[in-house]
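Read through the structure below, which is laid out as structure tokens, and then see the notes.
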Amino acid sequence: MKSNLIVAKFWNPDTLMDALAEVHHKGIPVYDCYTPFPIHGIEQYMDIKRTRLTIASFIYGLLGLSAALLLMAGVNGGALDLGWDIKSWQIDVGGKPYLAWVDFVPIAFELTVLFAAHGMVITFFIITGYYPGKKAELLDDRQTDDVFIMTIDADKVVRHDEIKQILTEKGAFEVKTTA
Amino acid sequence: MEAAHYKPEQLNERFEFSGKFKKNVIYLLIIGVVFLVTGILLTLNAPAPAHDAAAHGEHAAHEVTWYTYFVANFLLANTFYFRIGMGAMVFLMFTWLGGGGWNTLIRRISEAMTQYVYVAFVGFIILFFMLDEIYEWAYLKEGVDALIDAKRAFLNKGFFIGSNLVFFLIWGGFIYMMRKLSLQEDREGGLNTYNKTTPLAAGFIITFAFSYSLFSIDWLKSLEPHWFSTIYGVYVFAGTMVTSFSVLYLLIVILKRNGYLAYVNDGHLHDVGKFMFGFSVFWAYIWVSQLLLIWYSNVPEETFYYVRRMGGSNIVLGGKSWFEGYEDSHEYMGYAFFFFFNIIVNFVTPFLVLMTRDAKRTPVIVYPLLFLMLLGHWNDLYLLIMPGAVGKYEGSFGNILMQLGFALTFAGVFLGVVLNSLSKAALVPKNNPFLEESLHHSTGVV
Amino acid sequence: MITLWDSHYKEENANRLIRWVMAIDLNKCTGCGACVVACNAENNVPVVGKKEIMTHRDMHWMRIDRYYSGDLDNAENVSVVFQPMMCQHCANAPCETVCPVLATVHTSDGLNSMSYNRCVGTRYCANNCPYKVRRFNWFKYHNNENFDFHQNNPLGKLVLNPDVTVRFRGVMEKCSFCVQRLQDGKLRAKVNAKQTDAGAFAKPKDGAIKTACQQTCPTGAIVFGDLNDPESEVSKLFRDERAFTALEEVKTLPSVSYLTRIRNQKADEVKVNHAEHGHKEEEHTEKHPS
Amino acid sequence: MHVEAQVRAKLLTNTEQYSQITDDIARPIEAAPNKEWLFWTTISAIVMTVCCFGLIGYLLWEGIGVWGLNTEVGWGFDITNFVFWVGIGHAGTLISAVLLLFRQTWRNSINRSAEAMTIFAVLCAAIFPGIHAGRTWDLIWFAPIPNTRGTLWANFNSPLLWDVFAITTYLTVSLVFWYLGMIPDFATLRDRFTRKGKDVAAGIYGALSFGWEGSARNWSRYEIISLILAGLCTPLVLSVHSIVSMDFATSVVPGWHTTIFPPYFVAGAIFSGFGMVQTLLIVMRRIYKLENYITMEHMENMAKVVIATGTTVGLAYMTEFFVAWYSGSFFERYVFINRAFGDYAWAYWIMFSCNVLSPQLFWSKKIRTSMTATFILSIFVNIGMWFERFVIIVTSLHHDYVPARWANYTPTWVEFGIFLGTFGLFFTCFFLFSKFLPVINMFEVKTLLHRPKKPSGIPEGKKDEAVHAH
């Protein structure tokens, strides 16, 4: 986490939202907020763009679908040849057509979901930088319990005292600057 | 931003069925009737198509004439618009049971849609007199077909008409009660009507589930009386819901364009869109389940149904002898196009279009899709009815015109009835306990 | 035949490929059971003992089904039809499509082949077999104290057929049309055909190969051969008007045809006779007029 | 702004503060395990070890013959138990995904334990396809791994292979969904243990929490991927039991081959899953004193879902029966007559009364709100749904096409033992979960508290507390 942040702590999400609205209205850029649970509508005050993870998920899904169809059509249709003697040829299984497209539906669907879900979650962890065992950088040891925090990058704003004043007026029970 | 911009007094608005709306409905009726009559005249003089040997085997000849097409198309049109009304009722009752409050602002439109169901009952009652024309079990004498005879206890006119009249009474009764309670709430307020609607909804859903599957067996499945499939009722139900949600979205968009429903926000549209999306996927799930299970086992007593519908797909998919030994299935080849058209229009297109959040809340995008989906589900119903009712595929101009005529005439009647009943009550149920919730409705981030 | 599947059969391959089929004349079958014994001996079918038989775990590849008709309360007065039943080697075999590991597939000569090495023993194929002709190895039957029969002692093992695998525990087995004999006959035919072009596709002469059950049948009820050869004896029997296949309505397209039993009976017995042939009759009434 | 209608019941009672929620949920984790918990966990673990692992070892050593199966009835307890457990494993994802999409907020306090139940149930289910095979050690051949044996990869036409893909996808995606939901709660526990100076616990929960700190930017992404995962899980949950049903429905066996199976199995799965959730939650809310979180409203809603799905299942039974008659097919008609009046009629009628008739009692509000009655009825649901699978599998197989090969099936003690053993496994997992993981989703329940708009400003008492805390 960045150092040199103006940190304001609140007891109540509504107070935090009031303060955010005020800060936003004054044109002061917010660095980030830390809350125990997601607060709806917070994005509009923080200029958070809608994540493109959904698009990523769609693309992963398409990948899964193509992988599934290529695998099944390749193996059952007898077109697959990976070299090293790994290849397929057509086998008569119960008189079914080699490209039994109706039978491919279930696996095609499952692999689509498998790729879309896992791909998206893995991408989420990559872009957020979370990983197992990562040490959390906390501003307050109650921020995952009942404390709502707003931070402002002290390097990007001037007149720190005035900002601190606003935050205190808006109900922050503690305002400080991290070093 | 989610919130819609409206003036408080708009919450008291009423729909007026006059001027442009009335004129358009009348135009629709006129065009429809003209098409219908021209279509009939064209088919009247066309040479009667050859006797459909495949469907009826060595049975007594049943000649397919313009009248057969007329009855089949009548059944198609009546069922199509009936399903829209019925779907609206199911939607109302389901959301009620699920504690959904978001749809309060659009519930009067759903209510108006249900009012068409009474008209559809009349259509079905007229069809009672035409059963002989398209239902094999109705025109075949006993002793001709052993399999049909084995089902005579169910497939006979007395039971058919009797059970359907009971269904109409039950459904009509529920719809009448629902509408009455809703209007009563407007006048009286309080929680009295709210408390009464809950048992009504539960009762409706239970009786509906049982009666609707029998209804679909009666009117649609028994067109091919040798064939059977246990999922059939669910399939018809899935199509019902998609059609109904499409029409609901369409009506909201039309009314909004004409200055009504300013308080209906993107969130409401989004949720109706979600239902369209969800039920399209559900429909596809049922579609593929039925096809897959029958295709996989390849037992002739079931597959002949699909041979008729996709038998010609050997051309589409480059196969060779999909109807080996089933010589006249090439006469059904025309259906193969509609069969694949069905899944593309009713699943692939809505799936891709409605997938994103923005699309569902942008009427400009959804508007063309709605018509496409209505066409698609007309096509779906067409595939359920035609191969059984008239046999082999016949794509003459007259037939197409007749079908178009039916579709437009019924559309005119449907819109007339729905808009008329919409004008009978306030557009906003002002005493509904969920009104505030619906006014502040937001779908959240997704 | 109504089907949704594109057929794998190609007319132009008829000269090159064999399609092994069997015809069984129910008129000739006396139900003696010699074929069952022959099959056991030929194919190393384990003997499993009374206790296992009582829980329906017999391992015979062949069985003789009996259909009774007439006055069923009076055992003296029933007429019986014997139907030897073994793997029907269906062209559209329901067992094959459900096997997850491709342990049972179709060969180019029309056999429903079973590869023991590949089988993992899900028993799905046996469940999906309408004729119930697949047998599962519930235990290890050889070298096992609990099954102290011929496969558990050195002397008994001497009578095992060296051409046939002794199956291990947990795999499925079934009639193979004596595939060891078929392969042997095919190779001999190829060797005899010398190095000609046609040699690669040389077929054994009709009647040169006999399955164990056919060889043993005292009345000659079982005929085996190549259906792709229109002159073979079995082809002629397949074209016989008495020929029918078992459970035709399931559309498994079996490679075994039965020739229905005909009896000369007095007029008042005709009704009974009719019921007896119900199997075939039924197929005609149940056939789907559509 | 979110507005809540007055007529709605409160989903959170007697709770005023966010920290109170944390306290309540974290209490069982912090407390030393009590004697009752130790007793039941030990019992479960013993049952698991002896009956599940021990008997499976015996089975693998001796062969499938130690079960009561035979040539005709190739599947019995094994696949019945498999479908039973997979079915139970449906409620969790349904509650967390489908109800999330339908904005049913009552799911918030029950989703965590329902999802845990899902995962443990699917684990139990996964045992059976594994051990039912004659050669369990060769199951790797199910995997479509490139090899040099020609086309011997796997048969993509086989419903059993579809199952492998479906169950794998379902298990892993559910696991990810469950874990993702726990990450913020792990962070809460981590910070709580840090405050209390318990470094080991803080370290473990810290490692599990992935370094979560509750940044608004990540919350925004987190919420969207949760919803997308829910969107993916919804068709997934439908597909899994549909594919399981296709094990039967694709066959040509009368009584198995019927097209309604996919939706009917899904309805049955939800039904049985909710039955199990009811059973577990009634016990859990009592032991952990969670009545404020799992309120009567929750219990009633679940009862209503049980009525709805039970009636749907009943509709499917009747449809099957009717269409069997309507088909005019000799075999179809016979198999259903045999089901209701044949050798296994007792199983059929147990199934019918437990699944269709007894849930109808939930129409009465008195029964819905009585925890004793609900508990008993939920057990009935579990029994009924087990018998449903038994009836479908056994009655269809034991009398099918060829009368010469009709047979009955009697399970052996080994089959009963392994079935009991999976309950040991299930409850061991569930007890461990309820002790060491937050049984209620804290952060989602906190959003419910947010609803009643509180006056802004700092409560005075809170301010003092804050000073002391620092």
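The condition of being among the hydroxyl-bearing types (Ser, Thr, Tyr), surrounded by fewer than 16 Cβ atoms within 10 Å (Cβ to Cβ), on the phi < 0 side of the Ramachandran plot and in contact (Cβ under 8 Å) with a residue 24 or more places away in the chain holds for residue C:219. Filtering the stretch C:207-236 to residues that are at pLDDT 90 or above, closer than 22 Å to residue C:27 by Cβ and more than 16 Å from the chain's Cα centre (by Cα) leaves C:218, C:219, C:232, C:233, C:235, C:236.
Across the stretch C:122-144, the qualifying residues are those that are more than 7 Å from every other protein chain (Cβ to nearest Cβ) and within 21 Å of residue D:246 (Cα to Cα), and the one among them that is surrounded by the most Cβ atoms within 10 Å (Cβ to Cβ) is C:129.
Just to be sure I understand, how many residues within the stretch D:16-38 are of a type in the set (Val, Ile, Thr) and either out of contact with any Phe, Trp or Tyr (no Cβ under 9 Å at 6 or more places or on another chain) or at pLDDT 85 or above (or both)? Walk me through how you get there before you give the answer.
Here is the first cut: in the stretch D:16-38, the ones of a type in the set (Val, Ile, Thr) are D:21-22, D:25, D:29.
Then keep just the ones that are either out of contact with any Phe, Trp or Tyr (no Cβ under 9 Å at 6 or more places or on another chain) or at pLDDT 85 or above (or both); that gives D:22, D:29.
The total comes to 2.
Of all the criteria given as (1) of a type in the set (Asp, Glu); (2) free of Cβ contacts under 8 Å to residues at least 60 places away in the same chain; (3) loosely packed, with under 14 Cβ neighbours inside 10 Å, the one not satisfied by residue B:149 is (3).
Condition check ((1) part of a helix (DSSP H, G or I); (2) surrounded by fewer than 23 Cβ atoms within 10 Å (Cβ to Cβ); (3) touching a residue at least 12 places away in the same chain (Cβ under 8 Å)) across all residues:
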| site | (1), (2), (3) |
| --- | --- |
| B:230 | no, no, no |
| B:236 | yes, no, yes |
| B:239 | yes, no, yes |
| B:245 | yes, no, yes |
| B:250 | yes, yes, yes |
| B:264 | no, no, yes |
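Exactly one residue out of B:331, B:302 is at pLDDT below 90 and in contact with a Lys or Arg (Cβ under 7 Å, 6 or more places away or on another chain): that is B:331. The residues in the stretch B:353-393 that are hydrophobic (A, V, I, L, M, F, W, C) and closer than 25 Å to residue B:257 by Cα can be counted, and the count is 14.
Within 14 Å of chain C (Cβ to nearest Cβ) and at pLDDT below 90: is that true of residue D:131 in this structure? Taking the combined requirement at face value, the residue does not satisfy it. When residues in the stretch D:141-180 are screened for being away from chain C (no Cβ under 14 Å) and surrounded by fewer than 20 Cβ atoms within 10 Å (Cβ to Cβ), 8 of them pass. With respect to the conditions (1) surrounded by 19 or more Cβ atoms within 10 Å (Cβ to Cβ); (2) closer than 30 Å to residue B:297 by Cα; (3) out of contact with any Asp or Glu (no Cβ under 8 Å at 6 or more places or on another chain); (4) not basic (Lys, Arg), residue A:163 falls short on a single one, namely (2).
Scanning the stretch A:82-102 for residues that are under 20 Å from residue D:242 (Cα atoms), at the interface with another protein chain (Cβ under 7 Å from one of its Cβ atoms) and free of Cβ contacts under 8 Å to residues at least 24 places away in the same chain yields one hit, A:102.
Does residue D:254 count as facing another protein chain (nearest Cβ under 7 Å), modelled with pLDDT of 90 or more and either buried (at least 24 other Cβ atoms within 10 Å of the Cβ) or assigned to a loop (DSSP other than H, G, I, E, B) (or both)?
Numbers: facing another protein chain (nearest Cβ under 7 Å): no; modelled with pLDDT of 90 or more: yes; either buried (at least 24 other Cβ atoms within 10 Å of the Cβ) or assigned to a loop (DSSP other than H, G, I, E, B) (or both): yes.
When the stated conditions are applied, residue D:254 does not pass them.
For the stretch D:348-371, a tally of residues being farther than 14 Å from residue D:275 by Cβ, β-branched (Val, Ile, Thr) and either in contact with a Ser or Thr (Cβ under 8 Å, 6 or more places away or on another chain) or modelled with pLDDT of 90 or more (or both) returns 2. Against the conditions (1) part of a loop (DSSP other than H, G, I, E, B); (2) under 20 Å from residue C:25 (Cα atoms); (3) in contact with a helix residue (DSSP H, G or I) (Cβ under 7 Å, 6 or more places away or on another chain), residue C:177 satisfies every one except (3). Residue C:182 meets the conditions (1) under 28 Å from residue C:223 (Cβ atoms); (2) in contact with a Cys (Cβ under 9 Å, 6 or more places away or on another chain) in every case but one. The failed one is (2). The helices (runs of 4 or more DSSP H) found wholly in the stretch D:1-105 and carrying at least 1 residues that are within 14 Å of chain C (Cβ to nearest Cβ) and closer than 30 Å to residue D:397 by Cβ occupy D:55-62, D:77-88.
Only one of the numbered conditions (1) under 18 Å from the mean Cα position of the chain (by Cα); (2) at the interface with chain D (Cβ under 8 Å from one of its Cβ atoms); (3) within 30 Å of residue D:161 (Cα to Cα) is violated by residue A:127, and that is (3). Where strands (runs of 3 or more DSSP E) fall wholly inside the stretch C:1-113, the ranges with 2 or more residues that are among the hydroxyl-bearing types (Ser, Thr, Tyr) are C:63-70. Can you tell me which residue is farthest from residue A:142 (Cα to Cα) among those in the stretch D:199-234 that are within 24 Å of the chain's Cα centre (by Cα) and facing chain A (nearest Cβ under 7 Å)? That would be D:232.
Examine the stretch C:147-170 for a residue that is assigned to a helix (DSSP H, G or I), within 14 Å of chain D (Cβ to nearest Cβ) and either at pLDDT 90 or above or crowded, with 17+ Cβ neighbours inside 10 Å (or both), and state whether such a residue exists.
Restricting attention to the stretch C:147-170, the residues satisfying the condition of being assigned to a helix (DSSP H, G or I) are C:147, C:150-152, C:154-157.
From what is left, the residues that are within 14 Å of chain D (Cβ to nearest Cβ) are C:147.
If we keep only those that are either at pLDDT 90 or above or crowded, with 17+ Cβ neighbours inside 10 Å (or both) too, we end up with C:147.
Yes, the stretch C:147-170 contains a residue that is assigned to a helix (DSSP H, G or I), within 14 Å of chain D (Cβ to nearest Cβ) and either at pLDDT 90 or above or crowded, with 17+ Cβ neighbours inside 10 Å (or both).
Conditions tested, residue by residue: (1) under 27 Å from the mean Cα position of the chain (by Cα); (2) at the interface with another protein chain (Cβ under 7 Å from one of its Cβ atoms); (3) at pLDDT below 85.
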residue	(1), (2), (3)
A:33	yes, yes, no
A:38	yes, yes, no
A:45	yes, no, yes
A:51	yes, yes, yes
A:64	yes, no, no
A:69	no, no, no
A:75	no, yes, yes
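The residues on offer are C:116, C:67, and the sole one that is within 13 Å of chain D (Cβ to nearest Cβ), within 29 Å of residue A:100 (Cα to Cα), in contact with a strand residue (DSSP E or B) (Cβ under 9 Å, 6 or more places away or on another chain) and not small (Gly, Ala, Ser) is C:116.
Which residues, taken from the stretch D:31-54, are charged (D, E, K, R) and either free of Cβ contacts under 8 Å to residues at least 60 places away in the same chain or surrounded by 15 or more Cβ atoms within 10 Å (Cβ to Cβ) (or both)? Explain how you work it out, then say what you get.
So in the stretch D:31-54, the residues charged (D, E, K, R) come out as D:35-36.
Of everything in the stretch D:31-54, just one residue is charged (D, E, K, R) and either free of Cβ contacts under 8 Å to residues at least 60 places away in the same chain or surrounded by 15 or more Cβ atoms within 10 Å (Cβ to Cβ) (or both), namely D:35.
Per-residue answers, yes or no, for (1) of a type in the set (Ser, Thr, Tyr); (2) part of a loop (DSSP other than H, G, I, E, B):
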site: B:121; (1), (2): no, no
site: B:126; (1), (2): no, no
site: B:143; (1), (2): no, yes
site: B:153; (1), (2): no, yes
site: B:171; (1), (2): no, no
site: B:175; (1), (2): no, no
site: B:197; (1), (2): yes, no
site: B:211; (1), (2): yes, no
site: B:217; (1), (2): no, no
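Restricting the stretch D:400-421 to residues that are within 23 Å of residue C:133 (Cβ to Cβ) and of a type in the set (A, V, I, L, M, F, W, C) leaves a set whose member that is nearest to the chain's Cα centre (by Cα) is D:407.
The values are calculated or read from the model by the stated rules, or taken from the named source; none is laboratory data. Keep in mind it's a predicted model, so treat the numbers as computed, not measured. FYI the Cβ positions are ideal-geometry reconstructions off the backbone, even for glycines, and counts take in every protein chain you see.
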